[in-house]
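Data first, discussion second: the structure below is written as structure tokens.
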Amino acid sequence: MDSNYQTLGAFASRWWITVEQTRAKEARKRDSRFVLFLKARQEMFCWGFWQHFLQLTSASKLLEVKRSKTFQPSPLEPGE
């Protein structure tokens, strides 16, 4: 009878270790997905910021060109 309890105890401890390892693996997976989500979100924000910045600068350059009455295109070189 005592050996049955030892066998059952060994089985239960192995089962519990397996459960804990599975939980830890799932937690690492979840954490890595969250980190990837944060990185992607940060990259999207940076991309959106630079895209907006470039649109603003190109729009301001166009406005400067339109406002400038003395704007003259650069003369072409004789060979072009």
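Residue separation times 0.36 nm, minus the C-alpha to C-alpha distance between residue 20 and residue 3: what's the value?
Length gained, residue 20 through residue 3: 3.6 nm.
Starting at the first residue of the stretch 40-56, write each ³J(HN,Hα) from the Karplus equation 6.51 cos²θ - 1.76 cosθ + 1.60 with θ = phi - 60°, in whole Hz, x for Gly and Pro.
Running phi through 6.51 cos²θ - 1.76 cosθ + 1.60 with θ = phi - 60° gives 5, 5, 5, 5, 5, 5, 4, 4, x, 4, 5, 5, 5, 4, 5, 5, 5 Hz.
Using a Förster distance of 30 Å, how high is the FRET efficiency between residue 10 and residue 40, based on the Cβ-Cβ distance and rounded to 0.05?
Rounded to the nearest 0.05, the efficiency is 0.10.
Readers should treat all values here as calculations from the given coordinates under stated rules, not as data from a laboratory. Note that this is a predicted model, so its numbers are computed, not measured. Note: ideal-geometry Cβ built from the backbone for every residue, glycine included; neighbour counts use all protein chains shown.
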